[in-house]
Amino acid sequence: MGKTIAEKIIEAHLICGEMKKGEDIGIRIDQTLTQDATGTMAYLEFEAMGVPRVKTEKSVAYIDHNTLQTGFENMDDHRFIGSVAKKHGIYFSRPGNGICHQVHLERFGIPGKTLIGSDSHTPTGGGIGMLAFGAGGLDVAVAMGGGEYHITMPKMTRINLSGKLSPYVSAKDVILEVLRIMSVKGGVGKIVEYGGEGVKTLSVPERATITNMGAELGASTSVFPADEITKEFLKAQGREGDFTPVFADEDAVYDEVIDIDLSALKPAAAMPHMPDNVKSVEEIGQIKVDQVLIGSCTNSSLRDLLRVASILKGKTVHPDVSVGIAPGSKQVFTMLAECGALADLISAGCRILECACGPCIGMGQSPNSKGISLRTFNRNFEGRSGTADGQIYLVSPETAAASALSGVLTDPTTLGDYKEIEMPEKFLICDNLIVPPASEQEADKVEILRGPNIKPFPVTTALPESISAKTVLKVEDNITTDHIMPAGAKILPYRSNIPHLSQFCFKQCDENFAENCKKAGSGVIIGGANYGQGSSREHAALVPLYLGIKAVITKSFARIHVANLINAGIIPMTFVNEADYDGVCKDDELSFEGIAAAIKNGDTRFSVKNVTKGTEFEVNLDFAQRQRDMLLAGGLLNYTKENA
């Protein structure tokens, strides 16, 4: 029986476990990446392990999130990360060099290699044929220290692409169609692979757009084959020697197959407030637009922005629309300038933003009250833009550009003449903002620079025999990490300061959450389905840990978040009978008698007593043995130290 792309890469990197669906496996990690919103904590965790130098083939620290300087905090974090990188063998991508996923694709990604990053959109690397996973910072720290990365062996989904995209229809419309079909929960426990004749019509940047937003499916990761198109992309980057062909076997077996005819697709948009709330642009109609933002790790490649420039050339954006464009990397920015496309964008009335994540994470460019903002980004969660009632639509660069001109949501296929974008045979190579680490001989002389905002990792302790705690919060389905631990310009500078950050936890759901946790001393959270979807930010587990949360009981969890909870020593449980969700209320006192013994003994079900109601309900303890050991130890950091 043949193997899928993912199965081949996993098999080549397997350290422990068996490649059986649902089984815990540990794989060797070749590369890691971090960004500055999660990186400071990841490197504090790496330091706590006492490993002098990273053991990966390549580790890169990027500064791309917290680039807005309204105080000393962000700059202090950047200095800390830069000094840690220099000392411990990590390459350092300076502010202005670009968004981690765009730069990594250009300069470091290698087909057939494994990559984990402390950012949920790390699967962007699948566009070049890598097996790339978003993960919590602690998982990344362990990988940098030479430890394996553990996942549950996923199911395999194949998406067969046929045909060719019509003019003005783009890769963004492909992934929006996949989201429409599968939903934000449809990829949980799966790796999504793309195949079929249609793959040959897509460039690497287009493939990367699709794998990037695979994160919104809840998928473990997404991956394309590495073929001649991949080879040409690497050759243009001066990295032809990094090419290795990566294909699935013709007789590979998949758990699920979805067929999509590229030629049948139309421009689409994800409407507020979820990436799978997808309709065609034509179906939504010509709604008035207040803002257009083009960029993010999803759609900021040279190809994307050349397409936008060609649509806007010689025209002026609508007077009622604010348009911002953020190139994905210094390479993209410079090449736009050299070919004249940047002048076309500026002349059209676009505001050129920094080569960074920026508005995608609420770091500037928030829309007006109730404003409709079209964004080429990957998430449109409520409040993520920085405007509580902002109406965010996710669209392609082509739809964004057409709408910027008209002032209303516009189907770009109505624009008429379509000019093919000719990509250069060679990209401009200038890595002067990537700082290599000190040599092993010089590393001891490097001083780690710590600012006053950088606080240590929260203290965790071994799991007690029994737990008694109040239900401090009950929430509905599809709670995102933005609900749990918001981003934005006011909050992100404190990602390295868990005590200060705690006051913002769950603010959108209950403005008194932090205060209630402190009064209770310990607590339990009750959640609905797909709890913790979205970002890989481990802060959505570390802050609840700091606030005394002992367990989270839900109908179901998102993959990365459940791993982060276990890493933090918080017990994630699911209702055996989902109807029991209705029987637990806020302020109910819950008792977990003998929980440590149950986890130690390998029990898969456990009875929780609702002391307030005088009732009991069963929860699932679906943990691999390593996860059980981690929970008993009080989290991954304690477990790693104990097993060093």
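Things worth noting here:
- Taking Lys and Arg as +1 and Asp and Glu as -1, the other residues whose beta-carbon sits under 10 Å from that of Ser83 total +3.
- Approximate spin-label separation Lys586-Lys519, in nm, with each point projected 7 Å along Cα-to-Cβ: 1.1
- Relative protection proxy for 152-163, 429-440, from highest mean packing down: 152-163, 429-440 (other beta-carbon atoms within 10 angstrom).
- At an R0 of 22 angstrom, the distance between the Cβ atoms of Ile352 and Asn432 translates into a FRET efficiency of 0.60.
- Around Cys297: net Lys/Arg minus Asp/Glu count, Cβ-Cβ under 10 Å: -2
- Modelled FRET efficiency - R0 45 Å, Lys313 with Glu256, Cβ distances, 0.05 increments: 0.55
- Estimated 222 nm signal from helices in the chain, with DSSP H stretches of n ≥ 4 weighted -39500 (n - 2.57), rounded to 500: -8000 deg cm²/dmol
- Relative packing of 249-258, 499-508, 327-336, which averages over residues the other C-beta atoms within 10 Å, highest first: 327-336, 499-508, 249-258
- When peptides 609-618, 233-242 are ranked by their average number of other Cβ atoms within 10 Å per residue, the highest-first order is 233-242, 609-618.
- Mean separation of Cα contacts under 8 Å, 6 or more apart, over the residue count of the stretch 268-415: relative contact order %: 35
- Working from Cα pairs under 8 Å separated by at least six residues, relative contact order for the stretch 5-264 is 23 percent.
- Phi to ³J(HN,Hα) by Karplus 6.51 cos²θ - 1.76 cosθ + 1.60 over the stretch 208-223, Hz, x for Gly, Pro: 5, 4, 5, 5, 4, 7, x, 4, 6, 6, x, 5, 4, 5, 10, 8
- In nm, spacing of pseudo-spin labels at His500 and Glu425 (7 Å Cα→C-beta vector): 5.3
- The chain - percent relative contact order, Cα under 8 Å, separation 6 or more: 15
- Kirkwood radius for the stretch 470-584, taken over all pairs of different Cα atoms as the inverse mean of 1/r, rounds to 13.8 Å.
- Computed from the Cβ-Cβ distance with R0 of 56 Å, the FRET efficiency linking Ala343 to Ser466 stands at 0.25.
- Fully extending the segment from Gln625 to Glu18 would add 217.2 nm, taking 0.36 nm per residue of separation and subtracting the current Cα-Cα distance.
- Euclidean distance of C-alpha centroids, the stretch 356-384 and the stretch 144-182, integer Å: 23
- For Asp389, distant residues with modelled amide H under 5 Å away: Lys370
- Taking other residues whose beta carbon is less than 14 angstrom from the beta carbon of Pro367, and scoring Lys, Arg as +1 and Asp, Glu as -1, yields +1.
We did not get these values from a lab; they are worked out from the coordinates using the rules stated. Everything quoted here is computed from the prediction, not taken from an experiment. When we count neighbours, we look across all protein chains shown, and the Cβ atoms used for this are built from the backbone with ideal geometry, even at glycine.
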